[in-house]
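The values are calculated or read from the model by the stated rules, or taken from the named source; none is laboratory data. Keep in mind it's a predicted model, so treat the numbers as computed, not measured. All Cβ positions, even for glycine, are placed from backbone atoms using ideal geometry, and neighbour counts span all protein chains on display.
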């Protein structure tokens, strides 16, 4: 490729990345503003939580009627990037946005990254098809849409760019989309901030030198993180499969799931585990009296909500789980409380999504560079220990975490299915 061709390609990437960033940043700004209003309304009128089963029934009816083509969610985005599938329907963006806002309005325990990724991917794929760009470039722009959505919704543009490259293939970064993803994530974050959106401020972590004794503690910490991440993944997938087996209709599954969340809410006697749970995440950085079972309760609330089919994502609830778990482990292992909460916040999601690099960078953006090297060690070890499972079953595996190459890229759901068939035959 000549220098002129390289410059032309660079210019094309910057232009498309910028367009993707503006679309993603604008969508994230609208989404975050609505999400904040919904949370405020639910907090001041807690009787709305009692209506979660009815909300689930109605959302399920709408999705059953109009959302069949987009029911794959983030897995649809991954499949489209890999397989050059049909255009992701543009209605994905408003349906994911409205469904997620309603989930939070009525108290479902869900996140926001899933919606941001789906909005970013559908908007940028719409752009790609309108511009009639080539297959390879479309794939890069889709990755940019994922990066722009993630970076803008969390205010972490560098982590957003890496996440857009890392989450598609387990154990490999898609560097061919680096420039458009980086541009989209930075422009998306700038757009969201320019529209007046303020992100949560996390405390900066203390400076703690890495010693051999602390390293041993981090290995124990990582093992606990991997166990909790595995539990969340398996429980969420199991609940989803059980629901589909015994309740074929999505509206009924969501109504039953909503009923279980309401009953659990009344049983625990607090609203701390509804919605995003950001106040409790921040509390974990300094409260030595945080309930020991806080991480487990949030995990259960979230697994039921998402397993039933409610809209949203996993990131912020897993931040809650990780920060609360880190709080407990720090108290047990003699690690500074804020450092334990911060490392746990990043590591639980890193292990659940197989994105250790992106979440290490995200910790640096949210908590300061003092989180290194602690967060990198725990994210990497927890990623390895969590095995070949993910909150995104469509992730492709090109080699095992032990380094053994596969004949061809295989999705984690296909791997799980083949293992299940082997066990059945045995």
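Condition (residue is farther than 26 Å from residue 96 by Cα, at pLDDT below 95 and either out of contact with any strand residue (DSSP E or B) (no Cβ under 7 Å at 6 or more places or on another chain) or assigned to a helix (DSSP H, G or I) (or both)) applied to the stretch 372-381: is it met by at least one residue?
Yes, some residue in the stretch 372-381 is farther than 26 Å from residue 96 by Cα, at pLDDT below 95 and either out of contact with any strand residue (DSSP E or B) (no Cβ under 7 Å at 6 or more places or on another chain) or assigned to a helix (DSSP H, G or I) (or both).
Can you pull out the residues in the stretch 286-337 that are surrounded by fewer than 24 Cβ atoms within 10 Å (Cβ to Cβ), at negative phi and part of a loop (DSSP other than H, G, I, E, B)?
Scanning the stretch 286-337 gives 286, 287, 288, 289, 290, 291, 292, 293, 335, 336.
Given the criterion out of contact with any strand residue (DSSP E or B) (no Cβ under 9 Å at 6 or more places or on another chain) and either assigned to a loop (DSSP other than H, G, I, E, B) or assigned by TED's automatic domain parsing to the domain that holds residue 311 (or both), identify the matching residue among 178, 205.
205
Just one of 102, 76, 97, 90 is surrounded by fewer than 18 Cβ atoms within 10 Å (Cβ to Cβ) and either assigned by TED's automatic domain parsing to the domain that holds residue 165 or within 17 Å of the chain's Cα centre (by Cα) (or both); which is it? I'd like the intermediate steps shown before the answer.
Working: 102 fails: surrounded by fewer than 18 Cβ atoms within 10 Å (Cβ to Cβ); 76 fails: surrounded by fewer than 18 Cβ atoms within 10 Å (Cβ to Cβ); 97 fails: surrounded by fewer than 18 Cβ atoms within 10 Å (Cβ to Cβ).
The conditions single out 90.
Let's see how each residue does on (1) assigned by TED's automatic domain parsing to the domain that holds residue 170; (2) more than 22 Å from residue 118 (Cβ to Cβ); (3) at pLDDT 95 or above:
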residue: 289; (1), (2), (3): no, yes, yes
residue: 306; (1), (2), (3): no, no, yes
residue: 319; (1), (2), (3): no, no, yes
residue: 326; (1), (2), (3): no, yes, yes
residue: 333; (1), (2), (3): no, yes, yes
residue: 336; (1), (2), (3): no, yes, yes
residue: 352; (1), (2), (3): no, no, yes
residue: 360; (1), (2), (3): no, yes, yes
residue: 368; (1), (2), (3): no, yes, no
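For the stretch 63-73, which residues satisfy the criterion of being assigned to a helix (DSSP H, G or I) and either touching a residue at least 24 places away in the same chain (Cβ under 8 Å) or buried (at least 22 other Cβ atoms within 10 Å of the Cβ) (or both)?
63, 64, 66, 70
From the set of residues in the stretch 396-426 that are over 18 Å from residue 76 (Cα atoms) and assigned to a strand (DSSP E or B), which is modelled with the highest pLDDT?
Among residues in the stretch 396-426 that are over 18 Å from residue 76 (Cα atoms) and assigned to a strand (DSSP E or B), the one modelled with the highest pLDDT is 398.
Can you find, within the stretch 168-183, the residue that is nearest to residue 409 (Cα to Cα) among those that are buried (at least 19 other Cβ atoms within 10 Å of the Cβ) and modelled with pLDDT of 85 or more?
So, considering only residues that are buried (at least 19 other Cβ atoms within 10 Å of the Cβ) and modelled with pLDDT of 85 or more, the one nearest to residue 409 (Cα to Cα) is 177.
All but one of (1) more than 30 Å from residue 127 (Cβ to Cβ); (2) assigned to a loop (DSSP other than H, G, I, E, B) hold for residue 43; which doesn't?
Among (1) more than 30 Å from residue 127 (Cβ to Cβ); (2) assigned to a loop (DSSP other than H, G, I, E, B), the lone unmet condition for residue 43 is (2).
Condition check: surrounded by fewer than 24 Cβ atoms within 10 Å (Cβ to Cβ), modelled with pLDDT of 95 or more and either outside any helix (DSSP H, G or I) or not assigned by TED's automatic domain parsing to the domain that holds residue 47 (or both). Does residue 264 satisfy that?
Numbers: surrounded by fewer than 24 Cβ atoms within 10 Å (Cβ to Cβ): yes; modelled with pLDDT of 95 or more: yes; either outside any helix (DSSP H, G or I) or not assigned by TED's automatic domain parsing to the domain that holds residue 47 (or both): yes.
In short, yes.
Of (1) touching a helix residue (DSSP H, G or I) at 6+ places or on another chain (Cβ under 9 Å); (2) surrounded by fewer than 16 Cβ atoms within 10 Å (Cβ to Cβ); (3) in the same structural domain as residue 320 (by TED's automatic domain parsing); (4) closer than 23 Å to residue 159 by Cβ, residue 200 satisfies all except one. Which?
(3)
Going residue by residue through the stretch 118-130, is there one that turns out to be touching a helix residue (DSSP H, G or I) at 6+ places or on another chain (Cβ under 9 Å), assigned to a loop (DSSP other than H, G, I, E, B) and within 20 Å of residue 75 (Cβ to Cβ)?
No, the stretch 118-130 has no match at all.
Here's the yes/no breakdown for (1) crowded, with 19+ Cβ neighbours inside 10 Å; (2) free of Cβ contacts under 8 Å to residues at least 40 places away in the same chain; (3) touching a helix residue (DSSP H, G or I) at 6+ places or on another chain (Cβ under 6 Å):
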position: 5; (1), (2), (3): no, yes, no
position: 8; (1), (2), (3): no, yes, no
position: 25; (1), (2), (3): yes, no, yes
position: 28; (1), (2), (3): yes, no, yes
position: 32; (1), (2), (3): yes, no, no
position: 38; (1), (2), (3): yes, no, yes
